[in-house]
Structure formats: structure tokens, C-alpha cells
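Working notes, beginning with the structure itself.
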Amino acid sequence: MRVSRNFVSILTFSVFLTAAFETTVSAGRYKDFKVIKTKILGVHESSVLSQLAFKSGLDFWSLPRNGKNAILLCEPQQAEEIFKELTRLELRPEILTEDVSREIAEERFKIDQINSAKLKVANWENFMTLDEINQYMDEVVANYSNIVSELEIGTTTEGRATRVLHISTGPGKPAIFINGAIHAREWIGPPVAMYAINQLTEFYDQNSAILNSVDFYIAPVVNPDGYVFSWEQDRFWRKTRSLNDLNCLGVDANRNFDWQWAPDNDMCSLVYPGTAPASEPEIQGLQSFLQEHTEITFYVDLHSFGQSMIFPWASSNEQSPMYPELMRVGNEAANALRTVRGTNYTVHSVTNGGTNFLYGVSVDWAYGVLGIPLTYAIELPGGGSGGFDIPPEEILPVATETWEALKVFAQNAQPTTTRLQWFK
Ligand SMILES: [Zn+2]
């Protein structure tokens, strides 16, 4: 009996998947796409591979970085050639996923299945659409108006508001700013940000001490156009949705900040930095917001994936003046996170001594232009077909452990007058 019941459920699942292939635009466009992983790269190897990436416009899910595996998405026609090239370079490639569309369909099946049993809009058992995120933010604003107020960062290309919640028990304190989903497909960022909102409001009693010394600004989705597009059209959409080229929309928002911005004419590139620094309304808004709120002395940009806490510089491999403090606070946060269930994070500058430089990125801008002394990108854990589609059952554990790191960050927010002046 057991065998036949299992057989029936497998059959039901296969029928669903077949249907999903035919009906889901998002899955269909990735039919037979492969995900390839290299061995852990050294300094020279990561630089060779990033030059190759630059030439071919490949979609790196995990960038070639010193001390890390690179992970990349390949179109079916390119896969064999890329695999050969990586083998020739002795980077020991292995195929993680043979057909990405299947993984997308499975992910959506799981999300729908969990949703059908869901009682509350936010329970960290599932990924949330932008509407669900907004609904939860509305609830929090309504229920905790004594400590929560809503501000808008700006309006996106498609007319959506970029929302930020200010959680504060009173004026005069320094603040930490946390944002998620600057890269649309990195779905684990928003629930981590939402969990912080949840802990500071619904679990205020446990967190009142922290709110006595620091304010929080939390913006779960700073690229809402891209985030919606990643749900509705293209699961692995990374950029904004601005119209620069009819065939290739969008800008890599995390190459659009006004620090060491580097032009690029290839609008189809996944890391296209835009027509000018802060050309994207999303980034213009975020820059102005951070500039105006001078009490923000700690900036955190949530990304996935990589299990690392990374800090300036991304645009140079020189050690930044705050390097010792960035290492100290980063390690303290990583240690606090590890105590929850043993998850290991590495702590280092974005380049990590390598030469794969990134220009126009958030942490460099916040640090270099605004002089916010402590700025980090957290590369949250990956999973699924190669990284972005971490399974829903991992959301709560990731959110819980990351909250421990965010608390350490908040406790290290320096007084309101400490924005650095050296670049002015
Ligand atoms: Zn990212």
C-alpha cells in the first residue's frame, strides 16, 4: 500500500511539473539551462575567470572571488563549451543542475503548497510576494504605531513606492539601516529584513534594550520592480526595470551608486551600471535618504549567496582606514550567528585581496561618500539549484541566525556624530 501511495504522489508531482513547464513563463525560459560550479579559486584564478566573464557576459551566481567557488548559469548551447574551457583552465567544473527550469517549477510547486496551508501573512515558512510584504508592513505600522513609522525612500521606474520602516523609541540615538533585494532574485534578503521588523515589534519585550540605544531603518525590498518581475516573469531577474534599451531593460542597482562608477555600453549585461551614477530612481532615492538621515552610522545591504560578511573596498584591494574595526565587528557578528546552529561565515573585504573589482556598489558609496564608518553586505546562505532558490524551510533558520548578527551590528552603531570626514 505504501509503495502505491508514494507512486501516486510522485505521479501527481510529475503531472504538476509537466503542467508548470508549459504554463510558467519563468520556468520555460530556463529549459535545459545548467548551473556549473568551479573549485575554490585562488587570486590568479579568480582574476582570469572574471576577465572571461566580462568578455562573455556570463551570469555568475557566485562571482569569481579569491577563496570561493564560482557558480555560473549557462545557456544549453554554451554549456559544453564553457565546461571545456573551465576544465582547460583547471578549475575543476562540476554541473550542479542539469535543467534549471525544473528547479524553478519545483520551487513554485513548494511555495504554492505551503501557501495553501498558511494562516498568517508572515510566518517565515514561505517566501513572500511584494503584496504580502506590504501587507505585513501595513499591519506592523498599524499595530505598533508607538514605535514604528513609515517613510518612503522614493518611487521606482514602474511607480512603486520603496518603503522603509523607522523603528524607534525616541530621538537622539544613532541608527542602523538595513535593506534587502537590491538584486531582485535574491529572495532570502526580504524575509531576513522582515524578521528583524518582527522581532523589534511583536517581540519588543525581548529586544527593548537594543532599541534603547539604537534606531532601526528597515527597507525589505529596495528594488520592488525587479522583485515583482522575478516572481511573475523571470525567476532569476537581477536588475531594475528601467527602460534604457528596448531589448534589454534594467540596471544592476548595485553598480549604480555614485562611487567609482564605471561606464559600460552593454545594456544587456547583467551588471550594466546605468547611463550615469545614480541614474536609477531607486538608487537616487536610497542615496538621498541615507544622506539626509545623518543619524545612520551603520549600513547593511542584504544579498545572497555566499555566507560572507563583506565590507569596503569593492573598488580597490587597498585596506580601508576602518579595516581593523570592520574585521572586529564582522567577526563578532559572525560568531554570534554561528552559535545558533553552527553556520559559518567568512569576514573580509569585498575583493578579499583579489583583483576582481566592483564599481558603484552600495557599501563603498555609503562608506566612501557618506563616511558611514561601518558598512557591510551580508551574502546570506544559498541552496536549491545553485544558490538563489534556497528552500522555503530554510527561511526561518536563516532569519533567526542572521538576527543574531544584526543585533551585534546594531550594538556597534557609532554615535550620531561619527560619520567620517576624510573623503569630503
Ligand atoms: Zn546581490
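The values are calculated or read from the model by the stated rules, or taken from the named source; none is laboratory data. Since the structure is predicted, the reported quantities are computational estimates derived from the model, not experimental observations. Cβ sites come from the backbone with ideal geometry, for glycine too, and all protein chains shown count toward neighbours.
Tabulated results
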{"read-out": "Single unsatisfied condition, A219 versus (1) surrounded by fewer than 15 Cβ atoms within 10 Å (Cβ to Cβ); (2) hydrophobic (A, V, I, L, M, F, W, C); (3) within 16 Å of the ligand (Cβ to nearest atom)", "value": "(1)"}
{"read-out": "Residue list for the stretch 223-275, filter: in a loop (DSSP other than H, G, I, E, B), of a type in the set (S, T, N, Q) and in contact (Cβ under 8 Å) with a residue 12 or more places away in the chain", "value": "N223, Q233, T240, S242, N244, N247, N256, Q260, S269, T275"}
{"read-out": "Residue ID - nearest to the ligand (Cβ to nearest atom), chosen from residues in the stretch 279-329 that are under 17 Å from the mean Cα position of the chain (by Cα) and of a type in the set (S, T, N, Q)", "value": "S304"}
{"read-out": "Count of residues meeting criterion [within 14 Å of the ligand (Cβ to nearest atom) and acidic (D, E)] in the stretch 175-205", "value": "1"}
{"read-out": "Subset of the stretch 94-119 (residues that are part of a helix (DSSP H, G or I), among the aliphatic types (A, V, I, L, M) and over 30 Å from L52 (Cα atoms))", "value": "A105, I111, I114"}
{"read-out": "Which listed residue is exposed (fewer than 11 other Cβ atoms within 10 Å of the Cβ) and either under 22 Å from S385 (Cβ atoms) or modelled with pLDDT under 80 (or both), from K55, K39", "value": "K55"}
{"read-out": "Test: residue in the stretch 188-201 that is free of Cβ contacts under 8 Å to residues at least 60 places away in the same chain, in contact with an Asp or Glu (Cβ under 7 Å, 6 or more places away or on another chain), buried (at least 22 other Cβ atoms within 10 Å of the Cβ) and not polar (S, T, N, Q)", "value": "no"}
{"read-out": "Within the stretch 352-403, tally of residues that are over 24 Å from D252 (Cβ atoms) and among the small types (G, A, S)", "value": "2"}
{"read-out": "So R92, is it more than 14 Å from P392 (Cβ to Cβ) and touching a residue at least 40 places away in the same chain (Cβ under 8 Å)", "value": "yes"}
{"read-out": "Check on V350, at pLDDT 90 or above, touching a Pro at 6+ places or on another chain (Cβ under 6 Å) and in the same structural domain as G285 (by TED's automatic domain parsing)", "value": "no"}
{"read-out": "Whichever residue in the stretch 228-265 is under 26 Å from A175 (Cα atoms) and within 16 Å of the ligand (Cβ to nearest atom) and, among such residues, is surrounded by the most Cβ atoms within 10 Å (Cβ to Cβ)", "value": "N256"}
{"read-out": "Residue match in the stretch 280-290 (condition: more than 21 Å from A377 (Cβ to Cβ) and surrounded by fewer than 19 Cβ atoms within 10 Å (Cβ to Cβ))", "value": "no"}
{"read-out": "Given (1) surrounded by 13 or more Cβ atoms within 10 Å (Cβ to Cβ); (2) without any contact (Cβ under 8 Å) to a residue 40 or more places away in the chain, number of the condition T87 does not satisfy", "value": "(1)"}
{"read-out": "Strands (runs of 3 or more DSSP E) contained entirely in the stretch 281-372, each with at least 3 residues that are not β-branched (V, I, T)", "value": "296-304, 308-311"}
{"read-out": "So A122, is it within 16 Å of the ligand (Cβ to nearest atom), part of a loop (DSSP other than H, G, I, E, B) and of a type outside the set (F, W, Y)", "value": "no"}
{"read-out": "Checklist (1) on the phi > 0 side of the Ramachandran plot; (2) surrounded by fewer than 22 Cβ atoms within 10 Å (Cβ to Cβ) applied to G274, failing item", "value": "(2)"}
{"read-out": "Filtered residue count, the stretch 130-153, keeping only those that are at pLDDT 95 or above and under 15 Å from G226 (Cβ atoms)", "value": "2"}
{"read-out": "Residue in the stretch 399-406 that is at positive phi and within 16 Å of the chain's Cα centre (by Cα) present", "value": "no"}
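Residue-wise test of (1) modelled with pLDDT under 95; (2) charged (D, E, K, R).
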position: D264; (1), (2): yes, yes
position: L270; (1), (2): yes, no
position: T275; (1), (2): no, no
position: E282; (1), (2): no, yes
position: L286; (1), (2): no, no
position: F289; (1), (2): no, no
position: H303; (1), (2): no, no
